[in-house]
Every structure is written in C-alpha cells, then in structure tokens.
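What follows is a single structure, written as structure tokens, with notes after it.
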Amino acid sequence: KAGVTQTPRYLIKTRGQQVTLSCSPISGHRSVSWYQQTPGQGLQFLFEYFSETQRNKGNFPGRFSGRQFSNSRSEMNVSTLELGDSALYLCASGTVETQYFGPGTRLLVL
Amino acid sequence: AQSVTQLGSHVSVSEGALVLLRCNYSSSVPPYLFWYVQYPNQGLQLLLKYTSAATLVKGINGFEAEFKKSETSFHLTKPSAHMSDAAEYFCAVSGNTPLVFGKGTRLSVIA
C-alpha cells in the first residue's frame with residue numbers, strides 16, 4: 001500500500017503571499033490531519049478532516065484553512081504568509097489508534 | 001486536557017549501550033500512547049503504540065516501551081544502540097483527540 005504523500009516537498013514564498021499544500025492519504029483512510037513543526041513550538045495540531053468535514057481544529061489563526069475532497073485528498077491553505085509560518089507541515093492519515101505521517105512539506109517564508 | 005513531557009532534549013549513548021528515552025503523560029481519559037521517530041528531512045515514522053492492550057509494547061527496530069499507569073510513564077528502551085538509531089524521537093498521547101506531542105529527544109549514538 002502506498003503511504004501518505006505530500007506535495008510539494010519544498011516551497012519558498014515571500015511575506016504576504018498565500019500557499020496551498022496537498023496531501024493524499026493512504027488508500028481507504030478517510031481521516032486526514034495536519035500538523036505544523038517548528039524548532040520553537042515543536043509539533044502542533046492544525047486541523048483534522050473526516051469525510052470532507054472538519055472534525056477538530058487547533059489553535060491557529062484564520063489564515064490557516066483546509067478542506068478535504070470526496071476522494072479523501074486534503075489541501076491546506078495559508079494566506080498572507082508571515083515569516084513565522086516557516087515550518088515543516090506534516091499530514092497524517094489513519095485512525096485515533098494509529099496515525100501514519102507523510103514526508104512533509106517544508107515551507108520557507110522570506 | 002492532555003500533555004506529554006519528554007525528559008532530556010538530547011541523549012547520547014555509546015553504540016551497543018542501552019537506550020532509555022523518558023516520557024511522562026497527563027490525560028483525563030484512558031490514553032493512547034505512541035512513540036514516533038524522525039530522521040533528518042523526513043516525516044514521522046511510528047515506532048510503537050499502546051492502546052490499552054498489553055502494557056509492554058514491542059515495536060520496530062528492537063524498541064519497546066512499558067505503560068505504567070501509576071507513574072503516568074511510557075518510557076522507550078532498546079537494549080543495544082545502533083548507529084542507525086540516531087534520530088529525533090517523539091512521544092505522543094491521544095484519547096479520542098488529535099495527537100499531542102512532546103518536545104522531542106534527539107538521540108546521538110557514539111561509535
């Protein structure tokens with residue numbers, strides 16, 4: 001079975017721009033979660049989608065949004081990028097008992 | 001609310017020595033507990049998990065962890081460290097909620 005895939009793997013943006021990251025879960029998984037990883041804050045939960053509905057949301061500003069499509073693929077969008085948004089964004093699929101992570105998208109905001 | 005504390009942001013061991021990475025958790029509901037490993041420029045790989053079955057959990061690459069409810073701990077061990085074990089290790093807790101991670105412990109293995 002193919003694992004969780006994320007595209008692109010690397011991105012460079014400038015402040016004020018917006019960015020869209022994509023995640024394809026493991027086949028058959030209906031839940032997709034997103035996490036942000038930074039050296040200062042560690043791993044923080046962004047949001048979770050299940051069957052196209054947002055089920056949980058972390059403590060991030062409204063600039064961070066996401067959605068899930070009928071094929072379970074998910075996208076997250078960050079508008080009006082700030083320097084502090086530079087991070088590794090990880091996507092995971094699975095159940096509450098087991099989450100499988102993708103390789104991440106590394107975003108650098110200049 | 002749930003939280004995880006990993007004692008020691010950096011642990012160094014000699015090759016062949018015991019690896020012990022400490023994790024304490026706090027959870028208001030029966031927890032699920034996990035250890036993940038992250039190699040440079042990669043995502044998180046699940047090492048092992050506790051989901052209320054056996055308290056001693058065996059994972060991949062020779063790692064194991066023991067759930068101790070009385071101590072609210074879930075420490076990760078490996079009898080003999082290998083150079084390839086050098087990575088960052090994250091303990092995480094969930095209980096019908098999203099994963100809450102510890103700050104991570106970087107393991108260095110010295111030849």
Discussion item. Suppose we filter the stretch A:68-88 for residues that are within 12 Å of the chain's Cα centre (by Cα) and over 14 Å from A:Gln18 (Cβ atoms); how many remain?
Written reply: 5
Item to complete: Answer yes if at least one residue in the stretch B:22-33 is at pLDDT 95 or above, open to solvent by less than 70 Å² (accessible area, probe 1.4 Å), at positive phi and in contact with a Ser or Thr (Cβ under 9 Å, 6 or more places away or on another chain), and no otherwise.
Response: no
Item to complete: Mind telling me which of the residues A:Gly16, A:Gly40, A:Gly66, A:Gly62 ends up being modelled with pLDDT under 95 and either more than 10 Å from chain B (Cβ to nearest Cβ) or open to solvent by 30 Å² or more (accessible area, probe 1.4 Å) (or both)?
Response: A:Gly40
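So, in the stretch B:10-21, exactly how many residues are open to solvent by 40 Å² or more (accessible area, probe 1.4 Å) and either part of a strand (DSSP E or B) or under 21 Å from B:Phe67 (Cα atoms) (or both)?
Summing the residues that are open to solvent by 40 Å² or more (accessible area, probe 1.4 Å) and either part of a strand (DSSP E or B) or under 21 Å from B:Phe67 (Cα atoms) (or both) in the stretch B:10-21 gives 5.
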Worksheet item: Here is a list of conditions, (1) among the hydrophobic types (A, V, I, L, M, F, W, C); (2) within 13 Å of chain B (Cβ to nearest Cβ); (3) over 26 Å from B:Thr97 (Cβ atoms), and A:Ile26 meets all of them except one; can you say which number that is?
Response: (3)
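Hey, can you tell me all the residues within the stretch A:95-110 that are over 14 Å from the mean Cα position of the chain (by Cα), open to solvent by less than 30 Å² (accessible area, probe 1.4 Å) and at pLDDT below 95?
Here is the first cut: in the stretch A:95-110, the residues over 14 Å from the mean Cα position of the chain (by Cα) are A:95-98, A:108-110.
Those still in the list that are open to solvent by less than 30 Å² (accessible area, probe 1.4 Å) too: A:98, A:109.
Of everything in the stretch A:95-110, just one residue is over 14 Å from the mean Cα position of the chain (by Cα), open to solvent by less than 30 Å² (accessible area, probe 1.4 Å) and at pLDDT below 95, namely A:Thr98.
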Worksheet item: Right, A:Tyr100: among the aromatic types (Phe, Trp, Tyr) and at the interface with another protein chain (Cβ under 9 Å from one of its Cβ atoms) or not?
Response: yes
Response to the item:
Listed by first then second residue, the pairs whose first member lies in the stretch B:97-111 and is at the interface with chain A (Cβ under 7 Å from one of its Cβ atoms), whose partner is surrounded by fewer than 20 Cβ atoms within 10 Å (Cβ to Cβ) and acidic (Asp, Glu), with beta carbons under 6 Å and at least 6 positions apart or on separate chains, are B:Gly104/B:Glu88
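Can you name the strands (runs of 3 or more DSSP E) wholly within the stretch A:1-96 that have at least 1 residues being without any contact (Cβ under 8 Å) to a residue 24 or more places away in the chain?
On the way: elements: A:5-7, A:10-13, A:19-24, A:31-38, A:42-50, A:53-57, A:64-68, A:74-78, A:87-94.
Per the criteria, A:42-50, A:53-57, A:64-68.
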Item to complete: Just name the residue that is nearest to the other protein chains (Cβ to nearest Cβ) out of those in the stretch B:67-96 that are in a strand (DSSP E or B) and of a type in the set (D, E, K, R).
Response: B:Glu88
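The values are calculated or read from the model by the stated rules, or taken from the named source; none is laboratory data. None of the values given here were measured: they were computed from a predicted structure. Note that each Cβ is placed from the backbone with ideal geometry, even for glycine, and that neighbours are counted across all protein chains shown. Heads up: the accessible areas ignore ligands, DNA and RNA and are worked out on the full protein's heavy atoms, side chains in. Shrake-Rupley method; radii C 1.70, N 1.55, O 1.52, S 1.80 Å.
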